[in-house]
1. For region 200-216, enumerate the residues that are farther than 15 Å from residue 139 by Cα, at pLDDT 90 or above and in contact with a strand residue (DSSP E or B) (Cβ under 8 Å, 6 or more places away or on another chain).
2. Being part of a loop (DSSP other than H, G, I, E, B) and loosely packed, with under 14 Cβ neighbours inside 10 Å is the filter here; which residues of region 178-201 pass it?
3. Of all residues in region 60-81 being touching a residue at least 12 places away in the same chain (Cβ under 8 Å) and over 33 Å from the mean Cα position of the chain (by Cα), which is nearest to residue 29 (Cα to Cα)?
4. Six or more apart or on different chains, Cβ under 6 Å: which pairs go from a residue in region 84-108 that's not assigned by TED's automatic domain parsing to the domain that holds residue 56 and surrounded by fewer than 16 Cβ atoms within 10 Å (Cβ to Cβ) to one that's at pLDDT 85 or above and in a helix (DSSP H, G or I)? Could you list them?
5. Residues in region 69-82: is at least one at pLDDT 70 or above and within 25 Å of residue 100 (Cβ to Cβ)?
6. Given 210, 139, 221, which one is in contact with a helix residue (DSSP H, G or I) (Cβ under 7 Å, 6 or more places away or on another chain) and either closer than 30 Å to residue 104 by Cα or assigned to a loop (DSSP other than H, G, I, E, B) (or both)?
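The values are calculated or read from the model by the stated rules, or taken from the named source; none is laboratory data. Since the structure is predicted, the reported quantities are computational estimates derived from the model, not experimental observations. Cβ sites come from the backbone with ideal geometry, for glycine too, and all protein chains shown count toward neighbours.
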């Protein structure tokens, strides 16, 4: 059975916590900055990993701010409040650490020195059109921009090659750049930063003879070359 004497340390801790708020928040700031800098040094292309790492320090700052509000709660509720908040704090920290590790691992799967990577395309559009088995697209995975392509739509024989013309009047990447003046869209370039391969759920194709857009929800990019560095 717990006696009042046994809990005296906890009571003293509750009295001290508001006084160390500033130090804890300062530590949080240091942790946030150090975590972002360290993560950026390891995987500079993984912005999501840097944000999740920095958020760990932000938790320290937020948790420290709560200490200043302890005096506003009835004394008999403070112990329970601190324990509950500390539990949430631990869960959030562990979650952010795991999330950061996953982001770092995913980004690390593509060697930072492999700036330009070629992928093979496969998949089909909602009207049954497919990519030629020999279709490829080459990406700069540090910027997310397509460097070149050699994509053929099997059923129409239309070929898309070269680099797409970005920053034009629409969201199409290869707009009117097909051999029959068709257009091809894979996905937003930002999603290709640190890309290692996978499904593209919003690819689209248009050609004058078809007269309307067709969508591919299963376009798949698979890395074909071990490394092409620039």
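1. 203, 204, 205, 206, 207, 212, 213, 214, 215, 216
2. Passing the criteria: 181, 188, 201.
3. So, considering only residues that are touching a residue at least 12 places away in the same chain (Cβ under 8 Å) and over 33 Å from the mean Cα position of the chain (by Cα), the one nearest to residue 29 (Cα to Cα) is 68.
4. Nothing qualifies.
5. No, that holds for no residue.
6. 139
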